[in-house]
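Before any comments, here is the structure.
The values are calculated or read from the model by the stated rules, or taken from the named source; none is laboratory data. The model shown is predicted, which means the values in this text are computed figures rather than measured ones. All Cβ positions, glycine included, derive from the backbone under ideal geometry; neighbour counts span all protein chains shown. Only protein heavy atoms, including side chains, enter the accessible area calculation; ligands, DNA and RNA are left aside. Shrake-Rupley method; radii C 1.70, N 1.55, O 1.52, S 1.80 Å.
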Amino acid sequence: MTDGRAWSKRLTGGAARAGLVGLVGRDLNAPVLAGLADGLQHGIGEDRRVVLLAGSHGGGGRLGEVLESFWSLPVEGVVVLGAVDRPDDVSRLARRGLPVVVVGDCVHTPNVACVGLDFEMVARVPVDHLAGSGLRRIGMIGPPVRSAGGSPTERGFLAAVEAAGVEGAIVRAEATIEGGGAALRDLIERFSGVDGVVAHNDLMATGAIRGAADLGIRVPAQMAVVSADDMGLGELVVPALTSVRPIHEQLVEAVATALDRLIEEPGLSPEPVAVPVELVVRESA
């Protein structure tokens with residue numbers, strides 16, 4: 001049975017354990033995961049549901065294993081946070097009737113809802129901030145991309161620099177602290193005179209700041225750095241990171257609403273939802 005019918009049978013047969021919701025993230029220590037879990041717990045607390053956490057970090061099939069475990073409990077639905085490397089791991093369980101909300105990526109199959117960020121805003125907000133500060137050569141450092149056309153954030157970045165009347169360039173490396181340092185060096189070689197950097201996330205931004213220090217470049221006096229994904233590290237870095245983050249209340253509301261709708265209407269294929277973002281200004285830009 002597909003498109004929610006298997007799930008409906010489990011509900012009518014009394015096998016489903018009403019009240020359990022799964023939340024899966026690559027890193028259980030990530031502040032965004034903890035914040036989402038707390039928000040979901042409070043947001044759905046009136047329905048007496050309980051959020052169960054699981055980590056998907058590990059081998060390529062780890063997410064599929066976690067979803068299978070949640071299916072066997074069984075849970076009412078699952079929220080998956082972060083990139084989905086193997087979409088079939090999600091679609092396979094969704095076809096069997098498990099409602100899944102994917103946050104930060106998208107899997108196009110019935111019984112799956114996608115909640116992402118407004119990627120145009122993710123790029124435009126830091127570019128406008130940097131350009132408004134008088135910077136004119138702004139680079140983006142990001143991870144390898146799956147498609148030849150680049151990521152939505154990269155496309156938004158290119159549109160934003162053009163609209164702001166400044167010059168821009170993009171380089172890519174692994175989305176780690178080390179990758180951020182390597183990407184900054186690559187950016188400086190390819191894009192001489194760069195005075196502003198938009199980093200994919202806090203890790204890459206931290207690597208860029210360290211790389212700049214190694215090269216004798218002062219942040220933000222000589223180069224400003226903005227993280228496009230506030231992972232909660234901003235206040236731990238010196239200088240503290242100016243970061244883009246989703247508006248938390250709207251993210252939690254969007255995820256909770258999408259999950260409730262899938263549970264109530266099995267087999268639904270809702271349109272993706274984009275959550276707006278805001279800039280948290282600290283010391284790095």
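With a Förster radius of 41 Å applied to the beta-carbon distance between His42 and Ala159, the computed FRET efficiency rounds to 0.65.
Heavy-atom accessible area for Ser269, with the other protein chains in place and a 1.4 Å probe, reaches approximately 70 Å².
Leaving ligands, DNA and RNA out of it, rank Asp186, Asp27 by accessible area with a 1.4 Å probe, largest first.
Values: Asp186 40, Asp27 80 Å².
The ordering from most to least exposed comes out as Asp27, Asp186.
Full extension of the chain between Ala83 and Leu53 yields a length gain of 9.1 nm, computed as 0.36 nm times the residue separation minus the alpha carbon distance.
Looking at the chain alone, DSSP beta bridges between its own residues are antiparallel in about 10 percent of cases.
For n ≥ 4 DSSP H runs only, could you compute -39500 (n - 2.57) per run for the chain, divide by its residues and tell me the 222 nm figure to the nearest 500? Spell out each step's value before the answer.
Values: 9 runs with 112 residues, N = 285.
After summing the helix terms and dividing by the residues of the chain, the value is -12500 deg cm²/dmol.
Treating r as the C-beta distance of Glu68 and Glu271 and R0 as 35 Å, the FRET efficiency rounds to 0.80. Note on Val145 and Asp128: the extension gain reaches 3.7 nm, defined as 0.36 nm multiplied by sequence separation minus the Cα-Cα distance. For region 122-188, with all protein chains in place and a probe radius of 1.4 Å, 53% of the accessible heavy-atom surface sits on carbon or sulfur. Solvent exposure of the chain, expressed per residue, is 46 Å² of accessible area, with all protein chains present and a 1.4 angstrom probe. Which of the three applies to region 109-148, rounded, prolate or oblate, going by the alpha-carbon gyration tensor with a ≥ b ≥ c and a/c under 1.5 meaning rounded? Oblate is the answer for region 109-148, as a/c is 1.5 or above yet b/c matches or exceeds a/b.
Please compute, over every Cα-Cα pair in the chain, the percentage with a separation greater than 29 angstrom. Display every interim value, and only then the final one.
Working: 14912 of 40470 pairs.
The calculated P(r) of the chain puts 37 percent of pairs beyond 29 Å.
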